Amino acid sequence: MEAPLQQRIVGAIVLVTLGVIFIPALLDGSGYKSRQVQDIKVKEKPAFPPLSQKKLKPVETPLAQIKKKQLAVRDADPKQVHKNKIRSFALQVGTFGSNENAEKMRDKMRKSGYIAFVKKSSAKGKASYTVRIGPELDRGILEKLKKDLMKSHKIDGYVVNHP
C-alpha cells in the first residue's frame, strides 16, 4: 500500500473513532440546562413592623387563672372561704430515722436528675425524715415518675399531698 493512502485510511479511522466517542456526548441533551442562561427572581424584602409596635396578648398560666378565680370569689363574698385550693403533690421515696441517711438518699436522687428534698416530721416525740421528689401540680407526672423509679432504682414510692 502506498503511504498517502495508508495515511488517509488512518486519518479516517481516527475521525470516525472521535465521532463515535464525542457526538453522542454532545447530542444526548444532558448539558442543555447547564448551557442555558437562568434568570433568578428574588422577591423584595418583606416589610415587618418593629417589635416595639407589635401588640401581643399576655399568656395566662394555669396558676394565674386559679388565682384570678379565687380573687373573684373573694371579692364577690369576702366571708366565704374558697374551697378549691391549689393542690400540689410529691412522690415520697423513703422514710428514715436519721437525717444523714435521708440526705444520702436525697443526694442519690439528685444525681439521678430528680428534684428531691428532705422533710422533717415528728410523731410521738420521735423525729423522722422523709425523702420526696417534686412538688408537681399534676399528679399524673408523679405517677409516671413512680413507674420510672421502680424500673431504674427498684424504689417503690407513693404520691402524697404537698406540703
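The numbers here are math on the coordinates, done by the rules we state, and not lab data. These figures come from a predicted structure and were not determined experimentally. As a convention, Cβ positions derive from the backbone with ideal geometry for all residues, glycine included, and neighbour counts pool all protein chains shown.
Values computed for the structure shown
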quantity: Net length gained if the chain between ALA64 and GLU100 were fully extended (0.36 nm per residue, minus Cα distance); calculated: 9.1 nm
quantity: Burial order of peptide ranges 123-130, 98-105 (average beta-carbon count within 10 Å, highest first); calculated: 98-105, 123-130
quantity: Cα-based helix-to-principal-axis angle, 3-27 vs the chain, degrees rounded to 10; calculated: 30
quantity: Label-point separation, SER88 to LEU5 (7 Å along Cα→Cβ), nm; calculated: 11.0
quantity: Mean residue ellipticity (222 nm) of the chain, computed from DSSP H runs ≥ 4 via -39,500 (n - 2.57), nearest 500; calculated: -14500 deg cm²/dmol
quantity: 5 angstrom amide H check on GLY94, placed H, neighbours 5+ away; calculated: VAL131
quantity: Subset of LYS104/LYS151; LYS108/LYS154; LYS126/LYS151 violating a 24 Å alpha-carbon distance limit; calculated: LYS126/LYS151
quantity: Long-range HN-HN contacts of SER88 with modeled amide H, under 5 Å; calculated: HIS162
quantity: For segment 1-25 versus segment 122-163, the gap between their alpha-carbon centres in whole angstrom; calculated: 92
quantity: Nearest 10 degrees, 0 to 90: helix 139-153 Cα axis against the chain principal axis; calculated: 80
quantity: Relative contact order of the chain, defined on C-alpha pairs under 8 angstrom at six or more residues apart (%); calculated: 20
quantity: Violating pairs (Cα-Cα greater than 31 angstrom) within the set LYS85/LYS119; LYS119/LYS147; LYS120/LYS144; LYS57/LYS111; calculated: LYS57/LYS111
quantity: Contour minus Cα-Cα distance for ILE23 and LYS45 (0.36 nm per residue); calculated: 3.3 nm
quantity: Selection from SER52, ALA102, TYR114 lying farthest towards where the dipole of the chain points positive, charges on Cβ; calculated: ALA102
